[in-house]
Amino acid sequence: MASGGRLGGDEAGFTLPELLIAATIALLVTAAGAMVVIMAVTSQPRTTERAGQIQQGRVMLESLTRELRQGEAILSASGSELEMLTYVSVGTCGAGGPGNAQLCRVSYSCGSSTCSRTETGPSGGATSTHEVVRGITGPNVFVPQGDPLDPTYVGVQLVFPQDSGDEAVTLEDGAALRNHAGVTGA
């Protein structure tokens, strides 16, 4: 028998205090891992929504700059409103079809958190309105440049505010009219 109350070399093991300390450490590591997983799962919907809003903003910028480039006239422009005569390939403003661009009156209206797009015929007629972006800080979205009565360039700035510690995201673009007809206020 070994001296000091110890068992022989082939009967060695862990003492109760060693087992309690190892179990406590394992429990703490497991709890920390579970917290990380829980935080990731709970933040995923917010992250997905924010990414969707930013993608909406990109799509809006692309279509708006295309409409500006194809436009004939900017009828009115302010920080929150933009109205133009532009060519739309398929629209509610007339009988346009694929390859048949139709001149339409297109307006964008941006409030404190959303922008919507309205399409009508050049002098009224059928109307279509839908939300094109949400989650922005507004209303200073449009920046017309050139002659105040007949601007030919409009800058666009969409700012998605900070969300739970994330940095604010700003999307900027702009375009000039390519088919400018010199029409004002029509």
key: Which numbered condition residue 175 fails, given (1) touching a helix residue (DSSP H, G or I) at 6+ places or on another chain (Cβ under 6 Å); (2) at pLDDT 80 or above; (3) over 14 Å from residue 64 (Cβ atoms)   = (3)
request  = Please give the number of the condition residue 106 fails out of (1) within 16 Å of residue 87 (Cβ to Cβ); (2) buried (at least 16 other Cβ atoms within 10 Å of the Cβ); (3) modelled with pLDDT under 85; (4) not charged (D, E, K, R).
outcome  = (3)
ask   = Pick from the range 133-165 the residues that are surrounded by fewer than 19 Cβ atoms within 10 Å (Cβ to Cβ) and of a type in the set (A, V, I, L, M): which of them is nearest to residue 53 (Cα to Cα)?
value = 159
Selected residue (criterion: nearest to the chain's Cα centre (by Cα)) from residues of the range 5-21 that are at pLDDT 85 or above and exposed (fewer than 10 other Cβ atoms within 10 Å of the Cβ) = 17
request  = Could you pull out the residue among 103, 64 that is under 26 Å from residue 153 (Cβ atoms) and not in a helix (DSSP H, G or I)?
outcome  = 103
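With the structure loaded, tell me whether residue 49 is surrounded by 12 or more Cβ atoms within 10 Å (Cβ to Cβ) and of a type outside the set (Lys, Arg) or whether it fails that test.
Against the criterion (surrounded by 12 or more Cβ atoms within 10 Å (Cβ to Cβ) and of a type outside the set (Lys, Arg)), residue 49 qualifies.
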message = Checking the conditions here, which among 24, 65, 127, 86 is surrounded by 15 or more Cβ atoms within 10 Å (Cβ to Cβ), over 25 Å from residue 161 (Cβ atoms) and not small (Gly, Ala, Ser)?
response = 86
message = Scan the range 110-119 and tell me whether some residue there is in contact with a helix residue (DSSP H, G or I) (Cβ under 7 Å, 6 or more places away or on another chain) and either of a type in the set (A, V, I, L, M, F, W, C) or in a strand (DSSP E or B) (or both).
response = yes
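The values are calculated or read from the model by the stated rules, or taken from the named source; none is laboratory data. Just so you know, these numbers come straight off a predicted model, no measurement behind them. Glycine gets a Cβ as well: all are built from the backbone with ideal geometry, and neighbour counts include every protein chain shown.
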